[in-house]
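A short reminder: the numbers here are calculations on the coordinates, not readings from a lab. None of the values given here were measured: they were computed from a predicted structure. So basically every Cβ, Gly included, is an ideal-geometry build from the backbone, and we count neighbours across all protein chains shown.
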């Protein structure tokens, strides 16, 4: 009988579990208080800082448990080309050991290891041998000893924990991306307020709405993951019988995070609407354009919003993918890593020029710049669409929901930006640039708006001009990149 010993953060389970739960409670209390449910009202900086601290706490928790589980897997010397995949739902779960991407119809890449259901849990005698585990009570609590002989497919604890280690690594990367998103939100807010920029404000609304939706899904996923681990690892009839994970899932049960997201969103949405109405007073305030010009401007606005979203979602999606190519389970089984890395490098190098081309070509009606913008966007769409022909890419996309969401959102953003870029190109020369330049010139001379009407304009009547309920979108009076 072999003995596997790992010295890791697991030794802190006996006492720091309680302290972690206490820490989670303190953070939850601070989140609720800062969300406006306490006595003090939080500022925008407070919200950013609270989100960052909460995500950093979860990164620390995931890091500790990843050290535990990763240490077990490392001690077992599981071959790098093998990984564990799971299947099933609602208590009917299964584990299989894979040497390649699981593909329907191919049985040579994955071998079933273990199945379970709610009423019965029976290990496969072909693949598992007898096993005991113990967490010493008293003495050196820093050591976890797992005893068991290595069977045909390896020690069952090693095999089972391999899948859990991958999930913990996913969680760490998700939390890092969410921390980065808070700084992105902060940057959008600064630009929206300083430059009175509707595109930045609308991108911020979309980003915060998506963050609130993801926090809801993450809470459900935490319970789903806990149920899976309990049936595959923790129950008494499993090969591992290693019931050590409940404290981890209790710590990650971040209900307060959802409360903060939706309370902040409920406050932010009406505030954003009021800001947009305030910016409306700056819209062609001296030269009221006809309806056709306003329609063209709305097309331009869609492109600007898409560019702000692309800054974050496209970068995050690419970063997660490259990280998996280097550090994930697919690193040892990917056959075209060089091609994937080349696409990543191309997208990284051209992303900022692409965004700049879209911004200036739309704002200043530059035909050749718009052609370059549309061409690069088409390359993005075609190249990243072809990625779905890759088995390792499809496997990662299905296996990791966060990566899947980032990929889909970034793809939608690029497609919408390119499509409306084409629409904007067709509208060049229809008068929007003239109105923008005239508005800017009159603003510099402090020209009052109530000097003339547009009675000669076919699409604009005096009644339209005097209508107090007319809706326009703001065009900012600057040619700087930070303003539309």
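Extending 7 Å from Cα along the Cβ direction at residue 267 and again at residue 346 yields two label points whose distance is 4.6 nm. Compared with the alpha-carbon gap, the fully stretched path from residue 92 to residue 209 is longer by 38.8 nm at 0.36 nm per residue. The modelled label-to-label distance between residue 382 and residue 224, using points 7 Å beyond Cα along the C-beta direction, is 3.6 nm.
The calculated FRET efficiency for residue 236 paired with residue 323, based on their beta-carbon distance and R0 = 45 Å, is about 0.75. Overall size of the stretch 173-250 from C-alpha positions, given as principal axis extents largest first: 62, 17, 15 Å.
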